[in-house]
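The values are calculated or read from the model by the stated rules, or taken from the named source; none is laboratory data. None of the values given here were measured: they were computed from a predicted structure. Positions of Cβ are backbone-derived with ideal geometry, glycine not excepted, and every protein chain shown enters the neighbour counts.
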């Protein structure tokens, strides 16, 4: 019962098969292979519009390179103060975007609100050029707290962006988990909601190492091949990364994987709630944030449970993540542990 | 009665004379002139220890280059969320320090508190290498709100820095204003209080364009000549900048200028307080933050008053800055204006 | 008969098996998995000294991140003017090393000579700080022209580096190809010859995407985990990359692959030479540079031959690369084509 | 008789007077003063077109910031291999242009030739995105060897730039020296000859610290205020820098100063030539490169002569620079020294 993250698991069999199948003969290197070519079409089909796609081997690179295409070095990127790009990527966005400034903004349940951003934009305009140029809004979907922006919430941010000429980036490391909850089309959840560029992750949902930077706004993709190469992400045998995505989209594997993970998260939430534990946020994707005493946490760890303390040593909050490989058996074990827990 | 800033005024006559006097014959360029050599000795004498000094023409460059010597590109700089380096330098620290991450932290009256910083350090250590490396604490003395860290407050930060191996930077754009209030020696207010490197400003206190990066910790100055040149701050006719500082220290001009500015600030505070206005912070240097209604602010502006709204359009807060050139006559005019103000 | 590069081929079966075998259960992410741990030991064993190893998914990232650990932002990297890092990585070293300066130096057959480097160092020392700080020597082994530095040539560069306090980097994208020609131990060909850090490539020799930054000089590895993460190269499911190297070293697969590629290159050289064609450089690894008329080149292309024109449109030079998958049958086809070529 | 450089001398009296005169009352800071406003008009008038001008305190900053506006971080800047930006600015262009790649190209007498640049562009286009994006041509006028591009030579480069969509930058540290030799208008020597942006220096021609980035191509100036501030070059008391240029243009001071320096250089050349010494390049501005034996050089140094060895310890070449302050008396002394030199 390891709920540490959705990246501790392996590769989904269908994706592994795709890698095996791609290992045939020679293919042009550096993304000129037939798999990479088909990838462009496949993504365009999935998102119902012409997109430009660039692959990376990490989400860190996907986010950071995407932001570098949206933000000049003297620009500001508005993000939630708990955004992964702000807190967990060791300054990678600052490296790839050449010192562009991340402006962390607070917001309930991991969500940015338009008025808070607008205040920053106004200050920057009033004091030009002393404050970094308002360039980009970056949101995580699902958020770092496992919640989801609803379409109208995205729309409100997009209107602000349009009004002030900002670009919209979505960190979609768990986009698919949000998509199956939203129940809309990929297009509706992305470019139709104002997103210019998305970091679209598959690794946390069954792939080996497959992240894609998807440009809905094609103008922003101009010359991006240079950034991609220079960022150390133009893989020579690219076919073995492109083929992961081809399998990912085949027969709705991506959606099925996310549906399963989300379902497991809801079941897990039910287990905790039925035994009186409090959750800090709605469970809308595949992450839970549970209030536990240190004793309960230690007990579960002792029983082999894997999960992280979250938000500092005194927060009392613990994160549990489910994946496409999480089994109901694992949930049952956790349930039993809780039920059999002695008075602590 | 212009209280917009302490950089709207001109050059102090004694400093101008020094520039005129330096305009004699040839001198080696790029800091190898006799004035620049004497400068090193003068600063070492003033601070009662051997220091390394590098001149810059702006405070932005002084702060940013200093931080680049203290912080690796993958490092974190902990600063107040209203720190000048975080809000008013358009990302210059991120440029010069190669994308090092500024971590803004809240604190009352513009001051950083050790416990809040410690929390960030602990999180970074626990999640290494996902969070930027804890490298540097940067404080402004006087703070952006015209308050002053007391020596014991500096000591508390210095102990934290020592404990965790961080470097301490002081943005001393208004160091002299703080010094005369503290009433201690320059040494006590800087390296004896744990500061490794200071951005020491003279421009706001009577110079033309004279900022100095002062290394108390000489180890950190190693190879800094390269950063200084590469940062575009190695001025060819350096004597005309070094000589400003030589005059600045002559006959305590720096201290007298700051004493005057501070005194004017206290008088101005008295004027406002005596008429029932509230000040948001203690007046400990040469800045005031006064609570005014929009009508009163507009009235004063109409009368020729110069000052800035501060902290956003709805804060109701206005900043007034005095300088070494502020006259009592100007204060009297403001006093009269307030007294003769019609009911608004 | 495709000789375009050694990265157009697929994954060696033994390496693919290793990936399949690693796809079992959960493993800690971000390099804390058991495969990554064993990797450190394996590399240390192979190189007969304690090394620190960091994996990347591209050679571009390996080279650039390695250089960033050896060179301060204000430093100079001396390299051959045809070095891959100088001509084929779109400025990636400049990105990751924060604008450090590549100083291209000419040299016969792709090799750097100590005296030419020494001249640059002397100039830099004389004009400090106007010229970038002499920091690093970077060489490619095998070189971009398929030649190999002999041990005494490496030693001469290492002595210069030691004398002036420079670091030595080896771009070992084809290190194994050079190693089997040198006929010495990996240790003798690297750290015993003065190399501080190597970019050790496996992708061009049978892996999927496996490049390693190997620190022989452990002091230089300090805090490198931060650079690795920040560079977007800390892969979450790292086991699938570590396992490639484990298979690579198993049963001398790496050496056998390189021996095969080199042998094919020699045979190919023999074919060209026996028919009167000139080679521009010695064939010491798995690359040939053949002098061809445009008509001959076009004829071979028409017959399905894959290879690149090299050194500009008027050089008359064409590069042929062999790999661990090149078959004698392919060589035979080329041989026949040449023999049956009509008078052009 | 100090001919080390044109920046060892002081400030021209008319420029010093202008600084003194500007020291009156308060002025808005950060370039919003009346002097800075007039500066824009004055430059536009001098160059007979609407320009945007930004001041810096060093030529290093002027060149580097200008290049950052013309070149994306993944771009290439083609320059002479002896260009100041390549050899004497410690990597400042790489810092300010975020790691853009300087591509050094050889050329006689310090001049770039279109065909050599074109070769680089062609290679980059053929191998996109592996080679840095062809962005900018940067030339020095006068060149580092004191020679001058003729208008038709500039035109040839401009045509290449236009043809391939590159920007043209001129390092005009000694532009005025070239202008008086060319005998054309400032407009003809700059934007009419295809220059998009110039670093226009006054410091080497009599100012204290006054360099200007002049945008002829206004589109490239968009958002440059941000780069200027972030680069640490937005001086608070900007009036004292703007006023230097106002005096510089007054009564043709700039042209007179340059005419004088150039005339002195020609006289000095005459002295050397009349005594049988060889000059390595034409004397077209205010620099000479004289072939001297080490003994003669030592003799002159012993007599108090100031000049630099140039091009390495074995070149036998020495640089002499004249300035607006060089006197005929100094030349006479040198002449006498040479004439009275004992047989060495």
Looking at (1) touching a strand residue (DSSP E or B) at 6+ places or on another chain (Cβ under 9 Å); (2) within 14 Å of another protein chain (Cβ to nearest Cβ), which is the one condition that is false for residue B:288?
(2)
Within segment C:18-51, tally of residues that are surrounded by 21 or more Cβ atoms within 10 Å (Cβ to Cβ), closer than 19 Å to residue C:199 by Cα and more than 12 Å from chain A (Cβ to nearest Cβ):
5
Qualifying position, being facing another protein chain (nearest Cβ under 10 Å), assigned to a helix (DSSP H, G or I) and either at pLDDT 95 or above or farther than 21 Å from residue C:56 by Cβ (or both), among A:76, A:66, A:62:
A:62
Surrounded by 23 or more Cβ atoms within 10 Å (Cβ to Cβ) and either over 15 Å from the mean Cα position of the chain (by Cα) or at pLDDT 95 or above (or both): does that describe residue C:172?
yes
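Which is free of Cβ contacts under 8 Å to residues at least 40 places away in the same chain and surrounded by 23 or more Cβ atoms within 10 Å (Cβ to Cβ), of D:56, D:60?
None of the other options fit; the residue is D:60.
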Checked against (1) outside any loop (DSSP other than H, G, I, E, B); (2) within 20 Å of the chain's Cα centre (by Cα); (3) surrounded by fewer than 21 Cβ atoms within 10 Å (Cβ to Cβ), residue D:82 satisfies every condition except (1)
Residue among D:143, D:162, D:147, D:185 that is in a loop (DSSP other than H, G, I, E, B) and either within 14 Å of chain A (Cβ to nearest Cβ) or surrounded by fewer than 20 Cβ atoms within 10 Å (Cβ to Cβ) (or both)
D:185
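State whether one or more residues within segment C:239-246 are out of contact with any helix residue (DSSP H, G or I) (no Cβ under 7 Å at 6 or more places or on another chain) and within 11 Å of another protein chain (Cβ to nearest Cβ).
Looking through segment C:239-246, at least one residue is out of contact with any helix residue (DSSP H, G or I) (no Cβ under 7 Å at 6 or more places or on another chain) and within 11 Å of another protein chain (Cβ to nearest Cβ).
When the residues of segment A:8-24 are narrowed to those that are out of contact with any strand residue (DSSP E or B) (no Cβ under 9 Å at 6 or more places or on another chain) and assigned to a loop (DSSP other than H, G, I, E, B), which ends up farthest from residue C:21 (Cα to Cα)? Spell out how you get there, then give the answer.
Initially, segment A:8-24 is screened for residues out of contact with any strand residue (DSSP E or B) (no Cβ under 9 Å at 6 or more places or on another chain), giving A:10-24.
Subsequent filtering for residues that are assigned to a loop (DSSP other than H, G, I, E, B) retains A:10-12, A:23-24.
Working: A:10: 11, A:11: 11, A:12: 13, A:23: 16, A:24: 20 Å.
Applying the filter and picking the extreme gives A:24.
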Could you tell me which numbered condition residue C:230 fails, if it satisfies all but one of (1) within 14 Å of chain A (Cβ to nearest Cβ); (2) in contact (Cβ under 8 Å) with a residue 12 or more places away in the chain?
(2)
Based on this model, can you work out whether residue C:55 counts as in contact with a strand residue (DSSP E or B) (Cβ under 8 Å, 6 or more places away or on another chain) and within 12 Å of chain A (Cβ to nearest Cβ)?
yes
Considering residues that are part of a loop (DSSP other than H, G, I, E, B), without any contact (Cβ under 8 Å) to a residue 60 or more places away in the chain and surrounded by 21 or more Cβ atoms within 10 Å (Cβ to Cβ), the number found within segment B:269-311 is 0
So which residues in segment A:291-332 are farther than 26 Å from residue A:258 by Cα and either touching a strand residue (DSSP E or B) at 6+ places or on another chain (Cβ under 8 Å) or within 14 Å of chain B (Cβ to nearest Cβ) (or both), if there are any at all?
A:292, A:297, A:312, A:313, A:314, A:315, A:316
Got a number for residues in segment C:182-221 being in contact with a helix residue (DSSP H, G or I) (Cβ under 9 Å, 6 or more places away or on another chain) and over 20 Å from residue C:157 (Cα atoms)?
14
Exactly one of (1) part of a helix (DSSP H, G or I); (2) more than 13 Å from every other protein chain (Cβ to nearest Cβ) is unmet by residue B:137. Its number?
(1)
For segment B:96-133, give me each residue that is more than 10 Å from chain A (Cβ to nearest Cβ) and in a strand (DSSP E or B).
B:105
Tally the residues that are under 21 Å from residue B:309 (Cα atoms) and surrounded by fewer than 20 Cβ atoms within 10 Å (Cβ to Cβ), restricting the search to segment B:255-268.
2
Of the conditions (1) under 21 Å from the mean Cα position of the chain (by Cα); (2) more than 30 Å from residue C:127 (Cβ to Cβ); (3) touching a residue at least 24 places away in the same chain (Cβ under 8 Å), residue C:40 fails just one. Which one is it?
(3)
Inspect all residues belonging to segment C:233-249 and state whether any of them is assigned to a loop (DSSP other than H, G, I, E, B) and more than 22 Å from residue C:21 (Cα to Cα).
yes
Of these, D:325, D:320, which one is in contact (Cβ under 8 Å) with a residue 60 or more places away in the chain, assigned to a strand (DSSP E or B) and not assigned by TED's automatic domain parsing to the domain that holds residue D:108?
D:320
